[in-house]
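Take a look at the structure set out below.
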Amino acid sequence: MLWLYRLLFLPLILLSAPYYGWRMRRRGGYGAHFGQRFGAVPALPVKRSGVRRIWLQAVSVGELNAVAPLLEAWRGDSAIEVYLTTTTSTGYARRSTSRRRLEGACR
């Protein structure tokens, strides 16, 4: 059965790609920062000595909401610098509004 999956995977991906591309374009929100999905992120500033840098990856809006209390707690701690990343366009929009609200807590 595994051989069938392997045999059909590539043709099905190639056949379905135009449909998913059309859906992404119609929905919107994918064009901005699209390169970040493939690792093309702006360079981080040089890490200050004595500061611990923490990377949080919140895939969905729910996970972003779940880490909000951590961001609030670390907001006042000058010895911690948080680098927050998301995967979905909705998560990115939510992260941007959280970033304005929690200025100084995440990069």
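The values are calculated or read from the model by the stated rules, or taken from the named source; none is laboratory data. It should be emphasised that the depicted structure is a prediction, and the values quoted were computed from it without experimental measurement. Cβ placement follows ideal geometry from the backbone for every residue including glycine, while neighbour counts extend to all protein chains displayed.
If only one of 58, 73, 43 is modelled with pLDDT under 85, over 23 Å from residue 90 (Cβ atoms) and outside the structural domain of residue 24 (by TED's automatic domain parsing), which one is it?
Details: 58 fails: over 23 Å from residue 90 (Cβ atoms); 73 fails: modelled with pLDDT under 85.
So the residue among 58, 73, 43 that is modelled with pLDDT under 85, over 23 Å from residue 90 (Cβ atoms) and outside the structural domain of residue 24 (by TED's automatic domain parsing) is 43.
Scan region 1-56 residue by residue and report those that are closer than 27 Å to residue 75 by Cα, among the hydrophobic types (A, V, I, L, M, F, W, C) and part of a loop (DSSP other than H, G, I, E, B).
Within region 1-56, 40, 41, 43, 44, 46, 51 qualify.
What's the total number of residues in region 76-107 that are modelled with pLDDT of 80 or more, among the aliphatic types (A, V, I, L, M) and either under 24 Å from residue 38 (Cβ atoms) or not in a loop (DSSP other than H, G, I, E, B) (or both)?
3
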